[in-house]
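Read the structure below first, then the notes.
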Amino acid sequence: DSGVTQTPKHLITATGQRVTLRCSPRSGDLSVYWYQQSLDQGLQFLIQYYNGEERAKGNILERFSAQQFPDLHSELNLSSLELGDSALYFCASSVAGRDPWNGYTFGSGTRLTVV
Amino acid sequence: AQTVTQSQPEMSVQEAETVTLSCTYDTSENNYYLFWYKQPPSRQMILVIRQEAYKQQNATENRFSVNFQKAAKSFSLKISDSQLGDTAMYFCAFMKRYYGGSQGNLIFGKGTKLSVKP
């Protein structure tokens, strides 16, 4: 157990639907990162939050949004889902502001299948 | 923008032998970190080894070591005495280090699938 909890582990939904992925960071970590892993694109950075505020944005579609709550858990909302959104979505956390020597700690991911 | 390239999509090695995975990166930054992550069939992302760009000494973690060539922008991973449990996807990753030590996001290569054969 890495300490980063992602729910659900698996999700199957239809095109056009909306889903929410949840992430609880490791205790003490203020930063949360979301990544999308698909077969053809590898691991793509989506968005970073630090202590409730958006810190950096990557290749995140307008149909996707995220937020980090006061208790530091984060949610990634995916709407108007398309077949191409099928992927493994990772959340990672880190102690921002300190030496990033240890990099991130990753959760076990949410496998999203859009049918 | 930074990019990370892993030129070997797949590799295989016999158990107990040594294998080297290649990684090159492109950046204009001088202060950064490099990482190797392992992703076994369980899909969990596991940190294998990390290197700070300002340290010339190559990092070592048990059977895993790196060959960091900053001028050449090369960061290869050597796995000695390969074990069946080393079978996994291996990702090379780059992270810019900001002033004050705050963290940027990880930029990953596309990965190398390593199979360790008995």
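Any read-out appearing in this document is the output of simple, stated calculations on the displayed coordinates, not a laboratory observation. Quick caveat: nothing in here was measured; it's all calculated off a predicted structure. Reconstructed Cβ throughout: ideal geometry from the backbone, glycine too, with neighbour counts over all protein chains shown.
At-a-glance table
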{"quantity": "Relative contact order (percent, whole number), chain A, Cα cutoff 8 Å, 6+ residue spacing", "calculated": "37"}
{"quantity": "Phi to ³J(HN,Hα) by Karplus 6.51 cos²θ - 1.76 cosθ + 1.60 over the stretch A:26-33, Hz, x for Gly, Pro", "calculated": "5, 4, x, 7, 9, 9, 10, 10"}
{"quantity": "Distance between the stretch B:62-84 and the stretch B:10-44 - C-alpha centres, whole angstrom", "calculated": "7"}
{"quantity": "For B:M89, residues with placed amide H under 5 Å, excluding near neighbours", "calculated": "B:Q39, B:L114"}
{"quantity": "Karplus-derived HN-Hα couplings along the stretch B:17-33 (A = 6.51, B = -1.76, C = 1.60, θ = phi - 60°), whole Hz, x at Gly and Pro", "calculated": "8, 10, 9, 10, 9, 9, 8, 10, 9, 10, 7, 9, 6, 10, 10, 7, 10"}
{"quantity": "Cα-derived Rg to Rh of the protein assembly as shown, Kirkwood definition", "calculated": "0.97"}
{"quantity": "Pairs of lysine residues in chain B - Cα separation under 19 Å, sequence separation of 8 or more or cross-chain", "calculated": "16"}
{"quantity": "Karplus-derived 3J(HN,Hα), 6.51/-1.76/1.60, for each residue of the stretch A:39-53, Hz, glycine and proline x", "calculated": "4, 8, 10, x, 8, 10, 6, 9, 6, 10, 10, 10, 6, x, 10"}
{"quantity": "Whole-number percent relative contact order across the stretch A:1-61, with pairs defined as alpha carbons under 8 Å at least 6 apart", "calculated": "22"}
{"quantity": "Relative contact order [Cα under 8 Å, 6+ residues apart], chain B, whole percent", "calculated": "37"}
{"quantity": "Per-residue average of Cβ from other chains inside 10 Å of A:52-60", "calculated": "1"}
{"quantity": "Kirkwood Rh in Å, taken over all unlike Cα pairs in chain A", "calculated": "14.1"}
{"quantity": "Average partner coverage of B:104-113, which counts Cβ from other chains inside 10 Å", "calculated": "5"}
